[in-house]
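Chemist: Take a look at the following structure, please.
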Amino acid sequence: RPIEEAEHPLPVRRIVLFLYRHEWRQAGEAAYEAVENGTLAPYDEPTAEMAIRMYARVTGDYARAEAMLTQKSGVTWDQDGRPIVPRQMGVATATVGLGDILMAGGQPKRARLLLLASIADMDYVSQKLGRGDFWYAKDRAVALALLGQRDAAIEQIGRAITTHYGTCQWQLFLRDEPVFAGLRDDARFKKMLADVRAHAAAEHELLNKMRAAGLVPDRRKP
């Protein structure tokens, strides 16, 4: 059933749809509305935060994005201008996203300080606390790309794909992530993208065969 025809439509359910359509303004508006009406669940936060970042780019409203991502990340700043990053026990998307907005919005010094602090906290949680790096795979890649560490960013993207977290919503991560713009001409990036596309195509073909055999329901039909 189309999202638009739902009996009680929620803006949070439209965010991913708008992102896949490259309707950045609509995606951002839906994300802001979802935060304001309290329907944004933790599971939806990474896509909502990407929508907010893309919205800022098309509207130029970096101040609104900075305020929202500051709220979502809980980041504060001490009197010397150093970032205080709350422990990132889940993903680090809001913190890294704030770093992106600061960078794109003309605050590169604050952005670098925040991104380095976020990565340091990721290291502490994944290594010292033994939580592992799985949930940080995408965020670390974005942070490294923002810091201009090209080789490290590409290596981390590969790690994200190998662990399969990077193949979850791969179009948004590999095709649309704005900070990867300077990496997409790299032969290593092109190969990873081609491999993921081929895997997705093979999985789609298998799904169609299973539908034809009646092994899974065909939800494309009314």
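Chemist: Here are ARG64, ARG21, ARG53, ARG14: which of them is of a type in the set (D, E, K, R) and within 27 Å of TYR124 (Cα to Cα)?
Modeler: ARG53
Chemist: Looking at (1) on the phi < 0 side of the Ramachandran plot; (2) out of contact with any helix residue (DSSP H, G or I) (no Cβ under 9 Å at 6 or more places or on another chain); (3) not hydroxyl-bearing (Ser, Thr, Tyr), can you tell me which one GLY38 breaks?
Modeler: (1)
Chemist: Pairs, please: C-beta under 6 Å, at least 6 apart or cross-chain, first residue touching a residue at least 24 places away in the same chain (Cβ under 8 Å) and closer than 18 Å to PRO178 by Cβ and in the range 37-51, second open to solvent by 20 Å² or more (accessible area, probe 1.4 Å) and not in a loop (DSSP other than H, G, I, E, B)?
Modeler: The qualifying pairs are PRO46/THR93; THR47/VAL16; GLU49/THR93.
Chemist: I need the full set of residues from the range 126-184 which are of a type in the set (Val, Ile, Thr) and in contact with a Gly (Cβ under 7 Å, 6 or more places away or on another chain), in order please.
Modeler: The answer is ILE157, and nothing else.
Chemist: Within the bounds of the range 111-124, is there any residue that is assigned to a loop (DSSP other than H, G, I, E, B), acidic (Asp, Glu) and surrounded by 12 or more Cβ atoms within 10 Å (Cβ to Cβ)?
Modeler: No, the range 111-124 has no match at all.
Chemist: Scanning for something crowded, with 16+ Cβ neighbours inside 10 Å and among the charged types (D, E, K, R), does the range 208-219 turn up at least one residue?
Modeler: No, the conditions are met nowhere in the range 208-219.
Chemist: Look through the range 143-175, keep the residues that are over 19 Å from PRO46 (Cβ atoms) and small (Gly, Ala, Ser), and return whichever of them is surrounded by the most Cβ atoms within 10 Å (Cβ to Cβ).
Modeler: Restricting to residues being over 19 Å from PRO46 (Cβ atoms) and small (Gly, Ala, Ser), the top hit is GLY158.
Chemist: Criterion first (without any contact (Cβ under 8 Å) to a residue 24 or more places away in the chain, farther than 24 Å from TRP135 by Cα, of a type in the set (A, V, I, L, M) and open to solvent by 50 Å² or more (accessible area, probe 1.4 Å)) does ALA67 satisfy it?
Modeler: yes
Chemist: Can you go through GLY132, GLY97, GLY81, GLY90 and tell me which one is without any contact (Cβ under 8 Å) to a residue 12 or more places away in the chain, open to solvent by less than 40 Å² (accessible area, probe 1.4 Å) and either of a type outside the set (D, E, K, R) or more than 25 Å from PRO42 (Cβ to Cβ) (or both)?
Modeler: GLY132
Chemist: Filter the range 6-54 down to the residues that are more than 13 Å from the chain's Cα centre (by Cα) and polar (S, T, N, Q), then identify the one that is surrounded by the fewest Cβ atoms within 10 Å (Cβ to Cβ).
Modeler: Out of the qualifying residues, it is ASN37.
The values are calculated or read from the model by the stated rules, or taken from the named source; none is laboratory data. Keep in mind the model is a prediction, meaning the values are calculated, not measured. Neighbour counts are summed over all protein chains in view; Cβ atoms, including those assigned to glycine, are modelled from backbone coordinates with ideal geometry. The accessibility values were calculated without ligands, DNA or RNA, using every heavy atom of the protein model including side chains. Shrake-Rupley method; radii C 1.70, N 1.55, O 1.52, S 1.80 Å.
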